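Computed from the coordinates by the stated procedures, all read-outs in this text should not be read as laboratory data. Quick caveat, the model's predicted, so the values are computed rather than measured. Virtual Cβ from ideal backbone geometry, glycine too; neighbours counted across all protein chains shown.
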Amino acid sequence: MSTIAGNLQAVEATIQVACEAAARPRSTVQLLAVSKTFPAEAVLEAAACGQRAFGENYLQEGVDKIAAVAKALPDTPLEWHFIGPIQSNKTKPIAVNFDWVHTVERLKIAQRLSEQRPAERGPLNICLQVNISGEATKSGVHPDELLELAREVARLPNLRLRGLMAIPEPEADPELQRVPFARLRALAQDIVKDGIFIDTLSMGMSGDMRSAILEGASIVRVGSAIFGARHYE
Ligand SMILES: *Cc1c(COP(=O)(O)O)cnc(C)c1O
């Protein structure tokens, strides 16, 4: 068995055990395989194991990979999620090429994505990134400004607001890992109480997916546990 196939099995086992511990059906958690910095061949290998949803952080790399994978697998529909920082002058290729965007933190970006979404692709699925750990350096909308942003994004015609996303500070203790995830879940409940339908909590990565699932994650974004360590240029 290839490394990626074995890793996918191990991640699947972790997700299943966490779902059992949380008394949640396995079908309520989607595995997003984060393929940033890895070549199209790695995506093809994961796709051969049945993995269908992939996440990319860097726009040009992601767009090139989507094209290469589509060429190799013309009959296999894959779902592509943009999970990296968004520059306001580079929204068009995101709106054209991706199915989901997890990192919307400003209305202006959402407006551009809505304007630039091709009609034939249907609405673009959106998660609002929340600055859950409160660090000055981290991206994401401040929790105090989240509800207003959610109301405005929910009104945009070519987007579908699906939920919230967060990247908490790294934390080794599994119990402490749960704290920011619980906070994100509570923020999502506030939005639902306001009458805005959302169904997605994008939270949890290789090192904290179990804690995230225990707190209600519906998408876990897992990179290194599937593809191995990343090497940046
Ligand atoms: C890289 C990245 C991941 C995956 O991280 P791993 O620790 O490798 O699982 C998840 N989410 C975002 C936003 C990322 O940038």
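Quick look at the numbers
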| item | result |
| --- | --- |
| Scattering curve values for region 88-128, log₁₀ I(q)/I(0), Debye with Cα scatterers, q = 0.16 Å⁻¹ | -0.31 |
| For E79, distant residues with modelled amide H under 5 Å away | A53, F54 |
| Dimensionless Rg over Rh [region 155-233; C-alpha; Kirkwood] | 1.05 |
| Label-to-label distance, nm, for residues given as D64 and K193 (7 Å Cα→Cβ offset) | 4.8 |
| Ranked packing of 202-211, 156-165, 5-14, most packed first, by mean Cβ within 10 Å | 202-211, 156-165, 5-14 |
| Rounded to the nearest 20 debye, dipole of region 3-227 from Cβ charges on Lys, Arg, Asp, Glu | 540 |
| Projected-area average for region 35-140 over all orientations - Cα convex hull basis, square nanometres | 7.3 |
| Amide H within-cut-off set for L128, under 5 Å, with H built and near neighbours excluded | G163, L164, M165 |
| All Cα pairs of region 65-105, percent lying beyond 11 Å | 68 |
| Computed [θ] at 222 nm, deg cm²/dmol, the chain (DSSP H ≥ 4; -39,500 (n - 2.57); rounded to nearest 500) | -13000 deg cm²/dmol |
| DSSP beta bridges in the chain [antiparallel fraction, %, rounded to 5] | 0 |
| Average projected area [Cα convex hull, the chain], square nanometres | 12.8 |
| Coordinate range along principal axes, alpha carbons of region 70-198, Å, largest first | 43, 33, 26 |
| Positive minus negative residues near Q87 (Lys, Arg vs Asp, Glu; Cβ under 13 Å) | +4 |
| Highest-MSF residue in the chain out of F54, F197, F82 [GNM, Cα springs under 10 Å] | F197 |
| Region 113-153 - Kirkwood radius from inverse mean 1/r over Cα pairs (Å) | 12.0 |
